[in-house]
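Q: Sharing a structure below in structure tokens format, with a few things to ask.
The values are calculated or read from the model by the stated rules, or taken from the named source; none is laboratory data. Note that the structure is a prediction, hence the values are computed from the model and not measured. Here Cβ is always computed from backbone atoms with ideal geometry, including for glycine, and neighbour counts include all displayed protein chains. Surface accessibility is based on the protein's heavy atoms, side chains included, excluding ligands, DNA and RNA. Shrake-Rupley method; radii C 1.70, N 1.55, O 1.52, S 1.80 Å.
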Amino acid sequence: MGLVPRGRGLRDPDLRDRLYELLEHDPLAYSAGSRFIQIIIGVIVLDVLAMILASVPELDARYGALFSGIKILCVIVFALEYAARLWTVAGHTPRNRSPLADRLGYAFSALGIIDLMAFLPAAIVLVMGRHATLAALGVLPFFKLIRYSPAMRSLLAAVHAERRALIGCLVILTGAVLTFASLLYAVERDVQPTKLGTIPDAMWWAIVTLGTVGYGDVVPVTALGKIISVLTIISGFAMIALPVAIISTAFAEEVKRRDFVVTWGMLARVPLFSHLAAGEIADIMRLLRARTIEQGEVLVRRGDAASSMYFITAGEVEIALPSQQVRLGDGTFFGEIALLHKTKRSGTVTATRKTRLLLLDAQDFHALIARMPTLAAHVHETARARLEETGDLAAAELAQAQREGTDR
């Protein structure tokens, strides 16, 4: 129905590229890719919710057929998505490999395995007819949210980055369990032979005590045993605090790193900065502030004081000038004329759709063009072209700014 143009089939590389962009691109809310993500997330939520409700015997007896139908639908959707990703990944990996190597790389990647496990076990259970087992598999599609949740990906990346430190914490915990279990076994084995008569029994007590759980099923009764318990509880606080501190610090660093990469990617899409060196872009990044405006939101109004220059990284805005309306899209910038001439805004800027912007304050703008002659020349050239071709600045306002400069 129009998805595949006439004369083209699944072997068409353009179709594969478009489908890959739909599956993998990180789009804004108005795009087709975002709607696809919303559909997949909706299917995941529906699948997990149906499996949770199916575990209730009364609901399962009444709506069992509906729950099974939902599961079958979700399995089909996830299977089609997996097949599409497996097909489109060829030629879209950083390494220059064969299509088979690209597809095997995706299939054995963490996200590829998660995508496979989201539908394959459930499909096998459906074929075997073991309906009760489906509820236990309902949690598997939930892990697909890792692909669409930056926070979950950052957490996993943080855990992976600190895996050696966390393994060290596990080794320390194991040593603490063995130490305190052996001490309590030596003290309490004759007093409580049924509960602490072996070191494995004492290890259960040590684990729940170090974990500050303290079920109460096994407790020391001797004075020395109680002293050991106090030391075990105090050590348990350290056992919990150590990995928590490691993960939280790594998570914060990973979020900062991800924000840096995102901002760098946004900045790289602006042609004005495409010729700059990495060090110069890094300097500019420290001056820019990110902002997102919704469709229909007014960014600046005509007559406002010029306080910032704006770079559009994704989206579109409409500038209502005195004589015309101008639309600017991805990679363009505006607001530089009012800053250069130190006058007020000549037009009202409104977002025509959800738009991501980078803001450069006036003071930073003048400092930046003062120390980067090439960038300054590009900004002045663009401003001059806009004045000549589009009337980006009202003539009366420009004349007023010149008069004010002469008076000073």
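Q: I'm trying to understand the selection: among the residues of the range 264-292, which are within 12 Å of Leu359 (Cα to Cα), surrounded by 12 or more Cβ atoms within 10 Å (Cβ to Cβ) and modelled with pLDDT of 70 or more?
A: Of everything in the range 264-292, those that are within 12 Å of Leu359 (Cα to Cα), surrounded by 12 or more Cβ atoms within 10 Å (Cβ to Cβ) and modelled with pLDDT of 70 or more turn out to be Ile284, Met285, Leu287, Leu288, Arg289, Ala290, Arg291, Thr292.
Q: Also, quick follow-up: Could you say whether any residue in the range 180-188 is outside any loop (DSSP other than H, G, I, E, B), open to solvent by less than 30 Å² (accessible area, probe 1.4 Å), in contact (Cβ under 8 Å) with a residue 12 or more places away in the chain and charged (D, E, K, R)?
A: So far as the range 180-188 goes, yes, one or more of its residues are outside any loop (DSSP other than H, G, I, E, B), open to solvent by less than 30 Å² (accessible area, probe 1.4 Å), in contact (Cβ under 8 Å) with a residue 12 or more places away in the chain and charged (D, E, K, R).
Q: Considering (1) in contact (Cβ under 8 Å) with a residue 40 or more places away in the chain; (2) over 30 Å from Leu111 (Cβ atoms); (3) within 30 Å of the chain's Cα centre (by Cα), say which one Phe251 fails and leave the rest.
A: (2)
Q: Among the residues of the range 324-335, write down those that are within 17 Å of Thr292 (Cα to Cα) and assigned to a loop (DSSP other than H, G, I, E, B).
A: The answer is Gly329, Asp330, Gly331, Thr332, Gly335.
Q: I'm trying to understand the selection: among the residues of the range 305-323, which are touching a helix residue (DSSP H, G or I) at 6+ places or on another chain (Cβ under 9 Å) and either part of a loop (DSSP other than H, G, I, E, B) or of a type in the set (Lys, Arg) (or both)?
A: Ala306, Ser307, Pro322
Q: Something else about it: Listed residues Ile70, Ile44, Ile40; which is in contact with a helix residue (DSSP H, G or I) (Cβ under 8 Å, 6 or more places away or on another chain), without any contact (Cβ under 8 Å) to a residue 60 or more places away in the chain, closer than 18 Å to Leu140 by Cα and among the hydrophobic types (A, V, I, L, M, F, W, C)?
A: From the options Ile70, Ile44, Ile40, the qualifying one is Ile70.
Q: Collect the residues in the range 341-352 that are modelled with pLDDT of 80 or more and either hydrophobic (A, V, I, L, M, F, W, C) or surrounded by fewer than 18 Cβ atoms within 10 Å (Cβ to Cβ) (or both), keeping them in residue-number order.
A: Thr348, Val349, Ala351, Thr352
Q: Something else: Would you say Ala338 is assigned to a helix (DSSP H, G or I), without any contact (Cβ under 8 Å) to a residue 60 or more places away in the chain and surrounded by fewer than 20 Cβ atoms within 10 Å (Cβ to Cβ)?
A: Working: assigned to a helix (DSSP H, G or I): yes; without any contact (Cβ under 8 Å) to a residue 60 or more places away in the chain: yes; surrounded by fewer than 20 Cβ atoms within 10 Å (Cβ to Cβ): no.
No.
Q: Among the residues of the range 47-66, what is the count of those that are under 16 Å from Phe119 (Cβ atoms) and over 23 Å from the mean Cα position of the chain (by Cα)? Reasoning before the result, please.
A: Just the residues of the range 47-66 that are under 16 Å from Phe119 (Cβ atoms), to begin with: 47-48, 50-51.
From what is left, the residues that are over 23 Å from the mean Cα position of the chain (by Cα) are 50-51.
Residues flagged as under 16 Å from Phe119 (Cβ atoms) and over 23 Å from the mean Cα position of the chain (by Cα) within the range 47-66 amount to 2.
Q: Shifting gears a bit: If I filter the range 90-99 for residues that are under 18 Å from Pro121 (Cβ atoms) and in contact with a Leu (Cβ under 9 Å, 6 or more places away or on another chain), do I get at least one hit? Write out each step before concluding.
A: First pass over the range 90-99, keeping only residues under 18 Å from Pro121 (Cβ atoms): none.
The answer is no; no qualifying residue exists.
Q: Go through the residues of the range 344-360 one by one and say whether even a single one is charged (D, E, K, R), within 14 Å of Ile293 (Cα to Cα) and not in a strand (DSSP E or B).
A: Within the range 344-360, one or more residues are charged (D, E, K, R), within 14 Å of Ile293 (Cα to Cα) and not in a strand (DSSP E or B).
Q: Counting residues that are at pLDDT 90 or above, which helices (runs of 4 or more DSSP H) fully inside the range 1-105 reach at least 1? Full working, then the answer.
A: Details: elements: 13-24, 32-54, 57-88.
Those helices (runs of 4 or more DSSP H) span 32-54, 57-88.
Q: May I ask you to list the residues in the range 119-164 that are at pLDDT 80 or above, open to solvent by less than 40 Å² (accessible area, probe 1.4 Å) and assigned to a helix (DSSP H, G or I)?
A: Within the range 119-164, Pro121, Ala122, Ala123, Val125, Pro141, Lys144, Leu145, Ile146, Arg147, Ser154, Ala157, Ala158 qualify.
Q: I would also like to ask the following. Tell me which residues, restricted to the range 214-231, are at pLDDT 90 or above, hydrophobic (A, V, I, L, M, F, W, C) and more than 15 Å from Val177 (Cα to Cα).
A: Ala223, Leu224, Ile227
Q: Restricting the range 293-302 to residues that are assigned to a loop (DSSP other than H, G, I, E, B) and in contact (Cβ under 8 Å) with a residue 60 or more places away in the chain, which is most open to solvent (accessible area, probe 1.4 Å)?
A: Gln295
Q: Kindly indicate the residue of the range 367-402 that is over 30 Å from Arg286 (Cα atoms) and surrounded by fewer than 11 Cβ atoms within 10 Å (Cβ to Cβ) and also modelled with the lowest pLDDT among those meeting that condition.
A: Ala396
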